[in-house]
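The values are calculated or read from the model by the stated rules, or taken from the named source; none is laboratory data. Keep in mind the model is a prediction, meaning the values are calculated, not measured. Cβ atoms come from the backbone with ideal geometry, glycine included; neighbour counts cover every protein chain shown.
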């Protein structure tokens, strides 16, 4: 039994469930998609090898994989939208309400800011990195609140509980695709990035031959008719192989972001 999970936004879980079933069918291996627990518990189970395959943010990947003895990179997605340029990258979209007076990141000094959670690159650390590189070390926002998820940050923005937030660009695109009316209510005023795309990883307790077969399934998914349909539903063009050094930019951003206190 191979146990899959995702530590990405909840909106992507139907895609991840379909992907795990597709790969299990191709490998002839029973699979389970774990979704009835928090993402924090999913990460803990991945660390212990109780979950075998996971879609994980680049920030926890670089923090937990100092020596590459626990988890191994499988692949990362290349999104279909032209803004990604055929590369395995994504962005942090800085969003406000459609009727907001804010027009740029500079306008947000003193605003009420929501971040999803401190283990997120796109929603948390990319913003702290940006503030650090601009020399804004502390107290830039008037108030900062933790929402718990990208979707919660969007909802808090819509409900005027906060003024702005940073949203994973792929999550925002999925939201707009599934709820077109939101595109009229939410507006991006800045973009941070690009950053290396969140990778799929496998725990090294999985036998080597199965790890190799898993990677092949990811990389060849766009060559299969059913696989392409699953990818297209998530706005993904294909998966590509990635190496650890491609996540060095996130390591460097994490180091610099540590200079900033909310």
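Below are the figures for this structure:
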quantity: Boolean, residue 248 is closer than 18 Å to residue 128 by Cα, assigned by TED's automatic domain parsing to the domain that holds residue 27 and surrounded by fewer than 16 Cβ atoms within 10 Å (Cβ to Cβ); calculated: yes
quantity: Boolean, residue 87 is modelled with pLDDT of 95 or more, within 25 Å of residue 173 (Cα to Cα), part of a helix (DSSP H, G or I) and out of contact with any helix residue (DSSP H, G or I) (no Cβ under 6 Å at 6 or more places or on another chain); calculated: no
quantity: Hey, residue 107 touching a residue at least 12 places away in the same chain (Cβ under 8 Å), surrounded by fewer than 19 Cβ atoms within 10 Å (Cβ to Cβ) and more than 23 Å from residue 10 (Cβ to Cβ) or not; calculated: yes
quantity: Leading residue by the ranking (nearest to residue 137 (Cα to Cα)) among those in the range 61-84 that are modelled with pLDDT of 95 or more and part of a loop (DSSP other than H, G, I, E, B); calculated: 81
quantity: Residue 230 over 22 Å from residue 70 (Cα atoms), at pLDDT 95 or above and in the same structural domain as residue 42 (by TED's automatic domain parsing); calculated: yes
quantity: Selection from the range 177-198 of residues that are more than 21 Å from residue 56 (Cβ to Cβ), surrounded by 15 or more Cβ atoms within 10 Å (Cβ to Cβ) and touching a helix residue (DSSP H, G or I) at 6+ places or on another chain (Cβ under 6 Å); calculated: 182, 190
